Amino acid sequence: MEDKLKVAIIQSDLAWESPKQNRKNFSEKIESIGKTVDVIVLPEMFATGFTMNAQTVAETMDGKTVSWMQKKAIETQAAIIGSLIILENNKYYNRLLFVKPSGTISTYDKRHTFTLAGEDKVYSAGTEKVIINYKGWKICPLVCYDLRFPVWARNVENYDVLMYVANWPKPRVLAWDALLKARAIENMTYVVGVNRVGLDEAQNEYSGNSAVYDVLGNIISNIKPNKEQVEVVVLDKNHIQFYRNKLKFLDDKDAFTLM
């Protein structure tokens with residue numbers, strides 16, 4: 001178990017529906033980190049951009065991008081996180097992969113598909129919340145639109161970090177900022193939010209606004225909007241334990257059952 005978790009955030013533009021180009025770009029950005037970290041976080045659909053053309057760019061769990069993630073995790077000895085378009089059992093999923101330095105993979109399928117963009121018509125929704133144990137930390141990974149649904153993120157598992165990967169457009173970035181902070185405060189957890197920048201094929205603009213919040217809702221990262229940037233942020237288990245023990249807000253949370 002480690003008291004500190006070094007998280008590298010990669011806020012990047014994405015090449016539209018070009019996994020090969022995106023793998024190249026992210027390989028260069030991962031190399032630029034230049035120090036040992038525990039976790040490297042990439043945006044949602046980092047290999048393609050947020051496309052509804054699943055049939056043309058979907059990969060399988062034996063595909064090149066999954067293999068690339070495993071290779072990078074082994075090379076860097078850091079966990080790699082990001083979501084991909086995965087075809088499995090004749091269904092498409094917006095699937096987050098958490099690839100450990102050993103190459104082993106944990107997955108989370110996005111539960112809340114983005115109906116405004118028709119994601120629900122193309123991709124099958126996930127049904128399981130996933131908690132990943134890594135280096136003594138309990139990590140809850142979620143994807144983009146999941147951020148708007150606090151019940152799904154509610155910290156009933158006593159997790160330490162909530163991680164969101166996203167393609168969250170600039171016109172609604174005020175909600176992104178506010179909800180990341182809210183999820184940290186209400187769950188007394190670190191929240192990591194990694195969003196893309198640039199324009200996609202439909203001319204949707206993304207400003208990034210990637211950020212890390214502590215359990216009190218303080219922003220502890222320094223990532224600039226509207227630019228590609230790599231930043232390493234150190235999370236401290238003692239910070240979580242101190243404020244949870246002192247304030248005990250989670251002890252008073254409501255009990256509920258998700259239907």
*Mind checking whether some residue in the range 54-72 is touching a residue at least 12 places away in the same chain (Cβ under 8 Å), within 17 Å of residue 194 (Cα to Cα) and among the aromatic types (Phe, Trp, Tyr)?*
no
Scanning the range 25-50 for residues that are modelled with pLDDT of 95 or more and of a type in the set (Gly, Ala, Ser) gives 27, 32, 47, 49
The condition of being touching a residue at least 40 places away in the same chain (Cβ under 8 Å) and within 20 Å of residue 38 (Cα to Cα) holds, among 247, 235, only for 235
Could you check, for the range 12-19, whether at least one of its residues is in contact with a Ser or Thr (Cβ under 9 Å, 6 or more places away or on another chain), in a helix (DSSP H, G or I) and of a type in the set (A, V, I, L, M, F, W, C)? no
| said: Can you find a residue that is loosely packed, with under 14 Cβ neighbours inside 10 Å and in contact (Cβ under 8 Å) with a residue 12 or more places away in the chain anywhere in the range 172-192? | reply: yes
(Q) Just to be sure before I move on: is residue 105 modelled with pLDDT of 95 or more, within 16 Å of the chain's Cα centre (by Cα), within 26 Å of residue 175 (Cα to Cα) and of a type outside the set (Ser, Thr, Tyr) in the structure I sent? (A) no
Only unsatisfied item for residue 49, checking (1) out of contact with any helix residue (DSSP H, G or I) (no Cβ under 7 Å at 6 or more places or on another chain); (2) small (Gly, Ala, Ser); (3) over 20 Å from residue 194 (Cα atoms), is (3)
Flagged in the range 1-42 as within 23 Å of residue 212 (Cα to Cα), in contact with a Leu (Cβ under 7 Å, 6 or more places away or on another chain) and crowded, with 23+ Cβ neighbours inside 10 Å, in numbering order, are 5, 7, 10, 26, 39
* Asked: Can we say residue 46 is touching a residue at least 12 places away in the same chain (Cβ under 8 Å) and either in contact with a Gly (Cβ under 9 Å, 6 or more places away or on another chain) or within 17 Å of residue 74 (Cα to Cα) (or both)?
  -> yes
Going through the range 55-113 in order, the residues found to be in a strand (DSSP E or B), surrounded by fewer than 20 Cβ atoms within 10 Å (Cβ to Cβ) and of a type outside the set (Ser, Thr, Tyr) are 59, 87, 88, 91, 105
Considering the range 142-168, residues that are assigned to a strand (DSSP E or B) and under 22 Å from residue 252 (Cβ atoms), and then whichever is farthest from the chain's Cα centre (by Cα), we arrive at 161
**OP:** State yes or no: is residue 230 aliphatic (A, V, I, L, M), in a loop (DSSP other than H, G, I, E, B) and in contact with a helix residue (DSSP H, G or I) (Cβ under 7 Å, 6 or more places away or on another chain)?
**Re:** no
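The values are calculated or read from the model by the stated rules, or taken from the named source; none is laboratory data. Remember, it's a predicted structure, so these values are computed and weren't measured experimentally. Don't worry about glycine lacking a Cβ; one is built from the backbone with ideal geometry, like all the others, and counts go over all protein chains shown.
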